[in-house]
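Engineer: Got a structure here, written out as structure tokens. Questions coming.
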Amino acid sequence: MRIVVLVLLALNAVFFAWSRGWLDTVTGLPAEGGREPQRLAAQAHPEHIQPLAASAATALAQRSCLELGPLEGEAAFAAAQAALKAAGAEGQWQGSELPGLGGVWAVATIKLTDPEFRARKEATYKQMRLAYEPLKGLPDEQPSFVLSQHASEAEAVAARAALDKRNLKGLRVLALKAPVPRHSLVIPQADGLLAAKLKAAPALAGLRACATAASAPA
């Protein structure tokens, strides 16, 4: 009986200490965690909560697809992404890579380090009335002859294939000038409020409706 009394006294003492909040940090169960003052304190500035105006609610219900680009160069691409993030569109855009701009590809011979072999190549090209010139600007690939230059790698590959059909071997495609990388950005589901904010941002000048999508209510 004495042991039972001692256990009850100990339990009462623990409960008393917990009810006063003395054991909150120990138990992780605050004595007043479910009471109203704690719930009110947990609210994030309830006095700042305001109902949406009808026009704002309508704008939020609208969805539109917006796109920006082409953006030339990595710096322009990064700046546009930063502007979208600053305007509140983080995580809502999709980026895609476009064909580069301003590149130059050439159909060129292999390296002609043997003077005798190089002379035979020149004689062949002259006999076939093919224009050629020494390769310039790529020291590691010289000496070589350039037979044609093109604005895209695909065009250069096609030109090499045509020369291959004429039994001209030992030709390759070289990039004489790297193209400027280009990108586009698409926000597929921008609500009306976000769309208005994005279009008003000076750093996002050129933002427009997607060519394949139109505005629609959510």
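The values are calculated or read from the model by the stated rules, or taken from the named source; none is laboratory data. Note that the structure is a prediction, hence the values are computed from the model and not measured. Backbone-built Cβ (ideal geometry, glycine too); neighbour counts: all protein chains shown.
Engineer: If residue 119 satisfies every condition in (1) among the small types (Gly, Ala, Ser); (2) under 30 Å from residue 207 (Cβ atoms); (3) out of contact with any Ser or Thr (no Cβ under 6 Å at 6 or more places or on another chain) but one, which is the exception?
Structural biologist: For residue 119, the exception is condition (2).
Engineer: Please work out if residue 131 is part of a loop (DSSP other than H, G, I, E, B), at pLDDT below 90 and among the aliphatic types (A, V, I, L, M).
Structural biologist: It is false that residue 131 is part of a loop (DSSP other than H, G, I, E, B), at pLDDT below 90 and among the aliphatic types (A, V, I, L, M).
Engineer: Still on this model: On the given criteria, is residue 94 modelled with pLDDT of 70 or more and touching an Asp or Glu at 6+ places or on another chain (Cβ under 7 Å)?
Structural biologist: Taking the combined requirement at face value, the residue does not satisfy it.
Engineer: How do the strands (runs of 3 or more DSSP E) wholly within segment 137-208 filter down when requiring 1 or more residues that are touching a Gly at 6+ places or on another chain (Cβ under 9 Å), surrounded by 14 or more Cβ atoms within 10 Å (Cβ to Cβ) and polar (S, T, N, Q): which remain?
Structural biologist: 180-191
Engineer: If you don't mind, another one. Here is a list: 152, 148. Which entry is under 30 Å from residue 207 (Cβ atoms) and hydroxyl-bearing (Ser, Thr, Tyr)? Full working, then the answer.
Structural biologist: Working: 148 fails: under 30 Å from residue 207 (Cβ atoms).
The unique qualifying residue is 152.
Engineer: Name the pairs whose Cβ atoms lie under 6 Å apart, with the first residue in segment 204-218 and at pLDDT below 50, the second among the small types (Gly, Ala, Ser), and 6 or more positions between them or separate chains?
Structural biologist: 215/64; 217/61; 218/61
Engineer: Give the residues of segment 63-119 that are under 13 Å from the mean Cα position of the chain (by Cα), hydrophobic (A, V, I, L, M, F, W, C) and in a strand (DSSP E or B), sorted by residue number.
Structural biologist: 68, 71, 98
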